[in-house]
Amino acid sequence: MGKKIDFGVVGLGVMGRSLALNMIDRGLVVGGADLTTDLVDAFVNEGGESALGFRTAHDLISAIERPRKLLMMVPAGPAVDSVLDDLYKVLEPGDVVIDGGNSKYQDTQRRVEAAEQFGVLYVGAGVSGGEEGARHGPSIMPSGSEIAWDLIKSNLQSIAARGPDGQPCCDWLGGGGCGHAVKTIHNGIEYAFMQAICEIYAILNMHPGTTPDQLADLFGAWNTGHMKCFLLEITEQIFRVNDPFQDGKLVNSVLDEAKQKGTGKWTAEMALDLGVPCPTLAEAVFARGVSSRRSIRDQLAEVSAKYPNPDQDLNIESDDLKDALFASVVIAFAQGLDLISSASAEHGWEVRLDRVAKLWRAGCIIRIDFLDQISQAMQGIGSSHLLLDPWFSKHVAAALPGLRRTVSVAAQSGIGIPVLSSALSYYDTIHASRLPHNLLQAQRDAFGAHSYRRNDREGDFHTDWLGDGSTSKLK
Ligand code: 6PG
């Protein structure tokens, strides 16, 4: 008999292999299974003595002592159910299965319950950080069957990234599919964060003679203090890469049509389903959609060649742009955390937002210095809104004039900035104690008799707005 296997990994694609090798680096013996023989061979070659390869999940499971610990890294969707169908034929009560893919949280909720009939302890774990993170330290967001946590905690925490205080960016988030919900919303914030940087780039690019090296220098210079973050770091690096086929920088030759795998859309869907306003997160998804409408864009650009005006020198300071980015990114986080809080209340997950912020401090794509601050803020105000926290309230208010000037200059110059302008509108409306929705309620009542409430007395009312103005109290 060979070595005792500590952990099994089913699916040895990029993420599965990287996580398996990360485990091996932490002293674990890992059994890996994949239907593609080349992937198994590559894993065994790279992992050395502590990597054992198997052709099928069956073979792998038979080689692991109970209670077994299995990490599934297969594409989200039907593939997960089909692998699970196979696994349940051989797994035994007390075994643990972790889905580390980007699964829809509703699927994970269903799978956690379904696993119970087999006595299997099911965990849905959001994993962020891409290939590099998976290999050397991702952020891991687990939830599901809590009994499993004791069995897998030390293994998962050993492979996770570490926050500035040395704590692992992996902790138990709660029951059901909340880990995947949190990861989905992480991606929703990721979409908005990336889009905000791209919109600043669109504005900077309008300055005649702006070079990619200047852009790299600027984004690099911003990557400090509270704004120190992974996405600014990679943005600087991207602007410095030369085009392998011609003079100039590669980024200028990349087709400007964004793809997406669906997690941003799921975030927007979740927000709509739960009635939580996350316009900035949703705008980032729509912005990708607009970018991919190539033919329509080209046709419309022909007929509206006036904007953006390429000869115009934009009157905007780089400090304003930096403030605009800071404020928009905080607002994206505020919306995402609000959504997590509402989803948690809806499903009874009891997710701690301070813990979520801690898990995002390192390893994940949206890591940014002020997450430490978010974690402290969320301890203080629990599930309340991030913009109610004194530190964020003060710093976003200070950055707001810059965001206003940025949005205004872009609007006047015909540069579309859906995320920055949505962040500003969100800020202004969420801070307004009086909104024009008294009129909207009156409109609804006028054409549909939907009723309205008054601001000075209890009850629901209906008025014959388009007739004699008579009003009745409904209850
Ligand atoms: C992460 C990333 C990762 C993946 C995105 C890409 O946290 O490591 O979010 O999960 O890169 O899902 O999503 P799109 O293809 O939709 O941009």
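For the reader, a short list of remarks on this structure follows.
- Of the residues making up the stretch 259-292, those that are open to solvent by 40 Å² or more (accessible area, probe 1.4 Å) and either in contact with a Ser or Thr (Cβ under 6 Å, 6 or more places away or on another chain) or away from the ligand (no atom under 16 Å from the Cβ) (or both) are Trp266, Leu272, Asp273, Leu274, Gly275, Pro277, Pro279, Glu283.
- Helices (runs of 4 or more DSSP H) fully within the stretch 258-304 that include at least 1 residues being farther than 19 Å from Gly177 by Cα: 279-291, 294-303.
- Here Ala181 qualifies as in contact with a His (Cβ under 9 Å, 6 or more places away or on another chain), open to solvent by less than 10 Å² (accessible area, probe 1.4 Å), assigned to a helix (DSSP H, G or I) and more than 13 Å from the ligand (Cβ to nearest atom).
- Meets criteria (open to solvent by 10 Å² or more (accessible area, probe 1.4 Å), touching a His at 6+ places or on another chain (Cβ under 8 Å) and under 30 Å from Gly469 (Cβ atoms)) for Arg434: no
- Residues satisfying the stated conditions in the stretch 26-51, i.e. in contact with a Ser or Thr (Cβ under 9 Å, 6 or more places away or on another chain), farther than 12 Å from Asn155 by Cβ and open to solvent by 70 Å² or more (accessible area, probe 1.4 Å): Leu35
- Looking only at the stretch 376-411, residues that are open to solvent by less than 10 Å² (accessible area, probe 1.4 Å), within 20 Å of Thr224 (Cβ to Cβ) and either among the small types (Gly, Ala, Ser) or within 16 Å of the ligand (Cβ to nearest atom) (or both) come to 2 in all.
- Scanning the stretch 262-287 for residues that are of a type in the set (Ser, Thr, Tyr) and closer than 11 Å to Val419 by Cα turns up just one, Thr280.
- So Phe461, is it open to solvent by 30 Å² or more (accessible area, probe 1.4 Å), outside any loop (DSSP other than H, G, I, E, B) and in contact with a Leu (Cβ under 9 Å, 6 or more places away or on another chain): no
- Considering only residues in the stretch 335-373 that are away from the ligand (no atom under 16 Å from the Cβ), open to solvent by 10 Å² or more (accessible area, probe 1.4 Å) and part of a loop (DSSP other than H, G, I, E, B), the one that is farthest from Pro277 (Cα to Cα) turns out to be Asp369.
- Subset of the stretch 245-270 [closer than 19 Å to Glu346 by Cβ and more than 13 Å from the chain's Cα centre (by Cα)]: Glu269
- Of all residues in the stretch 77-131, those satisfying the criterion of being β-branched (Val, Ile, Thr) and either closer than 25 Å to Phe230 by Cβ or exposed (fewer than 14 other Cβ atoms within 10 Å of the Cβ) (or both) are Ile98, Val127.
- Filtering the stretch 227-258 to residues that are within 14 Å of the ligand (Cβ to nearest atom) and touching a Ser or Thr at 6+ places or on another chain (Cβ under 7 Å) leaves Glu257, Ala258.
- Meets criteria (away from the ligand (no atom under 15 Å from the Cβ) and crowded, with 17+ Cβ neighbours inside 10 Å) for Tyr201: yes
- Filter pass, Thr224 being within 16 Å of the ligand (Cβ to nearest atom) and either surrounded by fewer than 21 Cβ atoms within 10 Å (Cβ to Cβ) or within 28 Å of the chain's Cα centre (by Cα) (or both): no
- Here Gln106, Gln117 are screened, and the one residue that is closer than 17 Å to Ile185 by Cα and either more than 16 Å from the ligand (Cβ to nearest atom) or free of Cβ contacts under 8 Å to residues at least 12 places away in the same chain (or both) is Gln106.
- Of the helices (runs of 4 or more DSSP H) lying entirely inside the stretch 1-64, the ones with 2 or more residues being under 23 Å from Cys170 (Cα atoms) and touching a residue at least 60 places away in the same chain (Cβ under 8 Å) are found at 14-25.
The values are calculated or read from the model by the stated rules, or taken from the named source; none is laboratory data. Computed from a predicted model, the values in this text were never measured in an experiment. We place every Cβ from the backbone using ideal geometry, glycine too, and count neighbours over all the protein chains shown. Note: accessible area is taken over every heavy atom of the protein model, side chains too, but ligands, DNA and RNA are not part of it. Shrake-Rupley method; radii C 1.70, N 1.55, O 1.52, S 1.80 Å.
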